[in-house]
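The values are calculated or read from the model by the stated rules, or taken from the named source; none is laboratory data. This is a predicted model, so every value here is computed, not measured. Note: ideal-geometry Cβ built from the backbone for every residue, glycine included; neighbour counts use all protein chains shown.
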Amino acid sequence: MTPSAQAPDAFAPAVAALGSAAFAAELLAALNRIVPVDHLSLMRFEDRVRAPVIESAVWRGGEHVAQVQRAYLGGLYRHDPNLRFAGAGPAVLRLHRDELRDAAYRETCYVQAGLLERLTVAQSEAGRLVVLNLYRRVASGAFTSPETRLVEALARFLAALALKHVGMLGMLLRSRDRADRVAALAARLHALDGRLTRRELDVLARILSGLTSEGIALDLRVSVNTVLTYRKRAYGRLGVSSQAELFALCLA
């Protein structure tokens, strides 16, 4: 069966999850029915200077993902070869870790994380670069030529899904309905670190939407001390210590 014939059934859950926190995980599960992929990340670069917005999901070996993402957003993203993509796309770019020129980027984002190779579906639209990275670990080996051709055959479809998801999240964040904005922010936070609990997501999303601790307590019908406890735990998971750092990490 060809990839185009498999797509409707395999990717139906991912299509249903567009705009939600479940999208990255559903897309990764769908891909693994066709091509083995250990880790997936979806990035949106509004320009090529500021840190991107990241969503990710792990199939195997994700113990270093949160640490790598923090280092990447902390400045290593500037050395990502994806930023050199100049076409409109969609295009499939293949990158082996031995091809990376920047030693710090290679060591932190690939060697320490046990990653060997990635296939990237890149799409540029209205000055915005959206990339879908598909990673293989050292233990899984590199993508084979037939696997690469399968991803290439699906590139237009995958790029369309990525752009649609990014657009839907953007609309929710711009919505006048606070519930929509909170849901979109919670989805972004969950994608950034899947260890965050439901209540931690509730608190952080409301901080990002502008509510005070007292306002969050009223909204969630809990005490202010409970809000502060969830905030402290969540900050610890994300490796931030202030509201400013939270904004920089999630809304860069």
Considering only residues of the range 223-252 that are outside any helix (DSSP H, G or I) and in contact (Cβ under 8 Å) with a residue 12 or more places away in the chain, which is surrounded by the most Cβ atoms within 10 Å (Cβ to Cβ)? Gly239
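Return a yes/no flag: does the range 33-43 have any residue that is part of a strand (DSSP E or B) and surrounded by fewer than 20 Cβ atoms within 10 Å (Cβ to Cβ). Don't jump to the end; show me each part of the working.
Initial filter on the range 33-43 (part of a strand (DSSP E or B)): 39-43.
Next cut, surrounded by fewer than 20 Cβ atoms within 10 Å (Cβ to Cβ) only: none.
There is no residue in the range 33-43 that is part of a strand (DSSP E or B) and surrounded by fewer than 20 Cβ atoms within 10 Å (Cβ to Cβ).
Within the range 150-205, how many residues turn out to be within 17 Å of Phe11 (Cβ to Cβ) and modelled with pLDDT of 85 or more?
Within the range 150-205, the subset within 17 Å of Phe11 (Cβ to Cβ) is 150-166, 168.
Filter again for modelled with pLDDT of 85 or more, leaving 150-165.
Number of matching residues: 16.
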Looking at (1) among the polar types (S, T, N, Q); (2) buried (at least 21 other Cβ atoms within 10 Å of the Cβ); (3) out of contact with any strand residue (DSSP E or B) (no Cβ under 8 Å at 6 or more places or on another chain), can you tell me which one Thr108 breaks? (2)
Of the residues Ala139, Ala88, which is within 25 Å of Asn32 (Cβ to Cβ) and in contact (Cβ under 8 Å) with a residue 24 or more places away in the chain? Ala139
Looking at (1) modelled with pLDDT of 80 or more; (2) among the aromatic types (Phe, Trp, Tyr); (3) closer than 20 Å to Leu158 by Cβ, which one does Tyr110 not meet, given that it meets all the others? (3)
Is it the case that Tyr110 is farther than 19 Å from Leu27 by Cα and out of contact with any Lys or Arg (no Cβ under 7 Å at 6 or more places or on another chain)? no
Kindly provide the set of residues from the range 27-72 that are at pLDDT 90 or above and within 23 Å of Leu201 (Cβ to Cβ), ordered by number. Leu27, Leu28, Ala29, His39, Leu40
